[in-house]
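The values are calculated or read from the model by the stated rules, or taken from the named source; none is laboratory data. It should be emphasised that the depicted structure is a prediction, and the values quoted were computed from it without experimental measurement. Note that we place each Cβ from the backbone using ideal geometry, even for glycine, and neighbour counts take in every protein chain shown. Just so you know, the surface numbers come from the protein's heavy atoms only, side chains and all, with ligands and any DNA or RNA stripped out. Shrake-Rupley method; radii C 1.70, N 1.55, O 1.52, S 1.80 Å.
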Amino acid sequence: MNDIHHEFEETVKRIQSHNGVDGVIVVNNNGDLITSTLDMRSSVSYAELLSTLAENAIGFVRNLDPSNELTVLRMGSKRREVLVAPGKDFIIIVLQKQNLKSIMKSIANSLS
């Protein structure tokens with residue numbers, strides 16, 4: 001278990017080092033907190049809400065196409081963007097500053 005926790009810590013440090021990242025949370029598939037760069041209250045709140053959302057999104061994708069699976073769920077608000085990446089045994093949640101120019105460019109590129 002200690003090696004696994006160390007591996008998560010290294011991954012979290014690497015993600016956190018990216019410009020614009022506000023926080024990284026890792027939870028198991030039950031929504032239990034494994035590690036986080038946020039304070040405990042925020043970590044638990046995000047973990048509970050986003051693990052439930054991830055579970056629903058995974059089911060949604062499977063219902064649309066049973067041979068497919070969710071790799072990343074990306075949501076944006078005025079203040080920040082949230083990335084939820086479910087794995088086999090855990091979920092990584094990344095909170096980052098909103099980059100509207102990047103999102104608008106991405107949308108424009110997908111429409112052309």
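For segment 62-91, the candidate set comprises residues that are open to solvent by less than 30 Å² (accessible area, probe 1.4 Å) and β-branched (Val, Ile, Thr); within that set, the residue that is farthest from Asn19 (Cα to Cα) is Ile91.
Across segment 8-61, the number of residues qualifying as open to solvent by 50 Å² or more (accessible area, probe 1.4 Å), part of a helix (DSSP H, G or I) and either basic (Lys, Arg) or closer than 11 Å to Ile91 by Cβ (or both) comes to 7. Given the criteria free of Cβ contacts under 8 Å to residues at least 12 places away in the same chain and of a type outside the set (A, V, I, L, M, F, W, C), does Glu48 qualify? Answer is no for this residue.
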